[in-house]
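Below: one structure, written as structure tokens.
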Amino acid sequence: MKAARVRSPMRQSRLGRSASLARLALRIGGRYLARSPRLVFASVERRGELRHELAMRTADDVAEELGSMKGALMKLGQMASYIDEDMPPTYRAAMARLQHNAPPMTPELASSVILEELGDAPERVFARWDPLPFAAASIGQVHRAITRDGRAVAVKVQYPGIARTITSDVRNVALLRRVAAAAFPGLDTRSLIDELGDRLREEVDYRLEGENQELFARYYEDHPVIHVPHVVSELSTTRVLTSELVAGMGFDDVLRWNQDERNMAGETINRFVSRSLYRLHAFNGDPHPGNYLFHGRGRVTFLDFGLTKHFSAEDLAPLADAVRFLVIENDGDRFRASLERAGFLRPGAPVPTEAVVDRFGLFYATVRRDAPMTITPAYASAIVRRFFDARGPLAPYSDVPRAYVVLQRINLGLYAVLGSLRATANWRRIAEEIWPFVNAPPSTPIGEAEAEWEQGRKGRLSALDRSA
């Protein structure tokens, strides 16, 4: 059965997407020009109201435009909403909608993708199909469904033409940098743009995403607080990804929970990031708040593995050395040598080691002290500013190597999420449980449950090896 061709309204060409942003800028500029006489003659109170109204309408316009354009431009808006604490609150609130409530495609268009990929209309492929998506993001949107054998599933359907759209964005570096500069004022965004382009090219292949998601789902099987939904491979293709459906609370809901609950949620997210890196050697590269579901008592479901980065033991060796020399051994010279070996710092740069420790040590501040620490939005913002600082004394001699760009982005996202939660923990003790060069005993109740799970996991793997 051939699919009916339904045209996507999404602008795909490089010229068309540039023109859309140009029209947006003219519309915003014209609005401010038209309101200028009213601002001049208004009272102080009324002037403030008018300016606030203008800011709200402008932020809504930008969010709506980026949401309708999808792809890399929408991804930048998502990142800005949770990473850059210094963005005006009006814009942050508007951009936050892009995390899970972007403008969706029509039911007919989504149905046409299912028809092309799975061979029949969704109402016949599935026992039940909800034509209205419950989430829509930069690459695709997600529908609820029931399979023929009775399983509740989430079906991610890719926007038609999104691969061409991303190619247009990635080629249009100047356009991306203009948008990034607006989202992150005053920051050097070159590394961000390069990394975003590479990862987005991979993200449009849902088969690859499904393989990555299954890798995490199998590794974390039966974990006490970390859950990754399994993929239904027989109902997944390059443009359709079907996974088990999980119900839970969103990030905005968690922000209203008591601090103990927020601390446990933050601990689990931190454990997931650290354990995935040091034990699984893989990273879920899109840690924005829309990719978590919360279930209380520290239990978290992790979603969206389209931007997964895999690391070799050789990739991780200088990172582990940097942590060990700075945090455990307090050896600034060997810490510097590790950064040079990794490519973060040019060997022989004419800067004192104290400056190197000061510049890069901020990224390790959560684990340098063996004491509880609250991660605040201000601290998360300072990390972002330090990361993008192109004017400091080390800027001419430092870089983010290609192998670690996604790692840095994940860390920025992690700090932003923990900062929003104002999560408090002894992050040093938790890290020492997971660092393979320490292997410390559990330091929290979640750590004790994780250690028990780890023992059981090793036992199961050992039994499988004996039976092989």
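The values are calculated or read from the model by the stated rules, or taken from the named source; none is laboratory data. Everything numeric in this text was worked out from a predicted model, so none of it was measured. Cβ placement follows ideal geometry from the backbone for every residue including glycine, while neighbour counts extend to all protein chains displayed. Surface areas here come from the heavy atoms of the whole protein model, side chains and all, with no ligands, DNA or RNA. Shrake-Rupley method; radii C 1.70, N 1.55, O 1.52, S 1.80 Å.
Numbers at a glance
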{"item": "Identity of the residue in region 339-350, within 16 Å of residue 316 (Cα to Cα) and open to solvent by 20 Å² or more (accessible area, probe 1.4 Å), that ends up nearest to the chain's Cα centre (by Cα)", "result": "343"}
{"item": "Where a residue in region 372-392 is over 11 Å from residue 362 (Cα atoms) and its partner, wherever it lies, is β-branched (Val, Ile, Thr) and in a helix (DSSP H, G or I), with Cβ under 7 Å and at least six apart", "result": "373/366; 375/366"}
{"item": "Only listed residue being touching a Gly at 6+ places or on another chain (Cβ under 6 Å), open to solvent by 10 Å² or more (accessible area, probe 1.4 Å) and either touching a residue at least 40 places away in the same chain (Cβ under 8 Å) or of a type in the set (Ser, Thr, Tyr) (or both), chosen from 293, 303", "result": "293"}
{"item": "Test: residue 254 is of a type in the set (Val, Ile, Thr) and more than 23 Å from residue 454 (Cβ to Cβ)", "result": "yes"}
{"item": "Failed item in (1) at pLDDT below 95; (2) out of contact with any helix residue (DSSP H, G or I) (no Cβ under 7 Å at 6 or more places or on another chain); (3) not in a helix (DSSP H, G or I), with residue 178 passing the rest", "result": "(3)"}
{"item": "Restricting region 241-280 to residues that are crowded, with 20+ Cβ neighbours inside 10 Å and of a type in the set (Lys, Arg), the residue that is nearest to residue 447 (Cα to Cα)", "result": "271"}
{"item": "Residues within region 339-357 that are basic (Lys, Arg) and either in contact with a strand residue (DSSP E or B) (Cβ under 8 Å, 6 or more places away or on another chain) or in a loop (DSSP other than H, G, I, E, B) (or both), tallied", "result": "1"}
{"item": "Selection within region 131-163 - within 13 Å of residue 205 (Cα to Cα) and among the basic types (Lys, Arg)", "result": "156"}
{"item": "Residues located in region 124-171, provided they are open to solvent by 40 Å² or more (accessible area, probe 1.4 Å), modelled with pLDDT under 80 and either outside any helix (DSSP H, G or I) or among the β-branched types (Val, Ile, Thr) (or both)", "result": "167"}
{"item": "Single unsatisfied condition, residue 449 versus (1) within 30 Å of residue 350 (Cα to Cα); (2) hydrophobic (A, V, I, L, M, F, W, C); (3) open to solvent by 20 Å² or more (accessible area, probe 1.4 Å); (4) part of a helix (DSSP H, G or I)", "result": "(1)"}
{"item": "Some residue of region 384-402 being open to solvent by less than 50 Å² (accessible area, probe 1.4 Å), touching a Lys or Arg at 6+ places or on another chain (Cβ under 9 Å), charged (D, E, K, R) and assigned to a helix (DSSP H, G or I)", "result": "no"}
{"item": "Pairs where the first residue, in region 146-172, is under 17 Å from residue 241 (Cα atoms) and small (Gly, Ala, Ser) and the second is assigned to a strand (DSSP E or B) and modelled with pLDDT of 80 or more, C-beta under 7 Å, 6+ apart", "result": "152/146; 154/142; 154/144; 154/243"}
{"item": "Residue, least open to solvent (accessible area, probe 1.4 Å), within region 351-368, restricted to residues that are free of Cβ contacts under 8 Å to residues at least 24 places away in the same chain and over 23 Å from residue 429 (Cβ atoms)", "result": "353"}
{"item": "Those residues of region 403-422 which are under 22 Å from residue 343 (Cα atoms) and assigned to a loop (DSSP other than H, G, I, E, B), in sequence order", "result": "none"}
{"item": "Single residue of region 317-331 satisfying the filter (of a type outside the set (Val, Ile, Thr) and crowded, with 17+ Cβ neighbours inside 10 Å) that is farthest from residue 364 (Cα to Cα)", "result": "318"}
{"item": "Selection from region 231-264 of residues that are basic (Lys, Arg) and either under 30 Å from residue 118 (Cα atoms) or part of a helix (DSSP H, G or I) (or both)", "result": "239, 262"}
{"item": "Those residues of region 324-338 which are over 31 Å from the mean Cα position of the chain (by Cα) and part of a helix (DSSP H, G or I), in sequence order", "result": "332, 333, 334"}
{"item": "Matching residues in region 369-378 - criterion: being closer than 19 Å to residue 416 by Cβ, open to solvent by 60 Å² or more (accessible area, probe 1.4 Å) and at pLDDT 95 or above", "result": "374"}
{"item": "Hits in region 426-437 (condition: among the hydrophobic types (A, V, I, L, M, F, W, C) and either over 21 Å from residue 320 (Cβ atoms) or loosely packed, with under 15 Cβ neighbours inside 10 Å (or both))", "result": "437"}
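This table checks each residue for (1) basic (Lys, Arg); (2) open to solvent by less than 10 Å² (accessible area, probe 1.4 Å); (3) in contact (Cβ under 8 Å) with a residue 60 or more places away in the chain.
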| site | (1), (2), (3) |
| --- | --- |
| 215 | no, no, yes |
| 218 | yes, no, no |
| 223 | no, no, yes |
| 226 | no, yes, yes |
| 233 | no, no, no |
